[in-house]
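A.B. asks: Okay, handing you the structure first.
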Amino acid sequence: MIFRQLAEPLSSTYTYLLGCEETGLAVLIDPVYPTWERDLGLVRSLGLRLAYTVETHIHADHITSALRLKREAGSKIAYPAVDALPCADVGIEEGRPLTFGGLRLLPLFTPGHTDDHFSYVCGTRVFTGDALLIDGCGRTDFQNGDAATLYASIHQKLFTLADDTLVYPAHDYNDRHVSTVAQERKRNPRLGGDRSLEEFVTLMSELRLAYPKFIDHAVPGNRQCGVCPADLDENLEGYCTQMTASPQG
């Protein structure tokens, strides 16, 4: 498998490129609008053809480039089926793998951060979106999030994967790139070790996090598979401004 981890610095989002060496088909997991040209350029430079863009959930901190990539490359848009988005070509459901060439993404329904959240297993890797982060987890106080549901998703699904499964999250704010299931199960300060459900629910309820500054634009834009608002405040323009280069993991 051809694999790349790509970074978008403004929202600290990781986009993942997975490509089948035999057929040249590829997917991008959680692509971000400002870096669509960089991502598509990489796909093409590796001799691949973008078959799908795949979302872990409807994001609140950036706008997806799924619609732009579909227009530019003819890729299909895959979103959780529970969202029932008219703009999506494929509805993701647990138990129905997404196949591209000789590779398969196995969807795991992992709600809690949001009510539509999926993680994806591909071989020895799991792409955990905003559910399980490195030494952390996604917040649970908007988009029908629920701490008890997230605890169950992580403990009953993600933590049951093989110890050496590589954990690739959708975000990291400390320049970390990868973890393992064993590491997170053992030492994740929010969910690992002997942390009980009751302790986790209390911890999450006491975070008192700020309201996401881009959510009022990101959520409706992502429900259209990647439409930027016509006019943005100057301090938010970067979320929809095309970038020609961006750090890569």
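The values are calculated or read from the model by the stated rules, or taken from the named source; none is laboratory data. Treat the numbers as computed from the prediction; the structure is a model and nothing was measured. Cβ sites come from the backbone with ideal geometry, for glycine too, and all protein chains shown count toward neighbours. Just the protein is used for accessible areas: all its heavy atoms, side chains included, with ligands, DNA and RNA removed. Shrake-Rupley method; radii C 1.70, N 1.55, O 1.52, S 1.80 Å.
A.B. asks: Kindly list, by first and then second residue, each pair from a residue in the stretch 20-40 that is more than 17 Å from Gly238 (Cα to Cα) and touching a residue at least 60 places away in the same chain (Cβ under 8 Å) to a residue that is outside any strand (DSSP E or B) and of a type in the set (S, T, N, Q), limited to pairs with Cβ atoms under 8 Å and residues at least 6 apart or on different chains.
C.D. replies: Hits for this filter: Ile29/Thr56; Asp30/Thr56.
A.B. asks: Let me ask something else about it. Please work out if Ile63 is closer than 12 Å to Cys225 by Cα and touching a Phe, Trp or Tyr at 6+ places or on another chain (Cβ under 8 Å).
C.D. replies: Here the answer is yes, as Ile63 does meet what is asked.
A.B. asks: Now a separate question. Looking at Asp83, Asp61, Asp30, Asp39, which is the one that is under 18 Å from the mean Cα position of the chain (by Cα) and open to solvent by 30 Å² or more (accessible area, probe 1.4 Å)?
C.D. replies: Exactly one of Asp83, Asp61, Asp30, Asp39 is under 18 Å from the mean Cα position of the chain (by Cα) and open to solvent by 30 Å² or more (accessible area, probe 1.4 Å), namely Asp61.
A.B. asks: Between a residue in the stretch 192-214 that is over 16 Å from Gly138 (Cβ atoms) and any residue that is outside any loop (DSSP other than H, G, I, E, B) and of a type in the set (D, E, K, R), which pairs come within a Cβ distance under 8 Å, given they are 6 or more apart or on different chains?
C.D. replies: Close Cβ pairs satisfying both conditions: Gly193/Lys186; Gly193/Arg187.
A.B. asks: So, one more: Would you be able to tell me the number of residues in the stretch 113-126 that are surrounded by fewer than 24 Cβ atoms within 10 Å (Cβ to Cβ) and closer than 16 Å to Glu93 by Cα?
C.D. replies: Count: 4.
A.B. asks: Evaluate the following for Leu69: is it open to solvent by less than 10 Å² (accessible area, probe 1.4 Å) and part of a helix (DSSP H, G or I)?
C.D. replies: yes
A.B. asks: May I ask you to say which residue of Asp39, Asp116 is farther than 29 Å from Leu197 by Cα and of a type in the set (Asp, Glu)?
C.D. replies: Asp39
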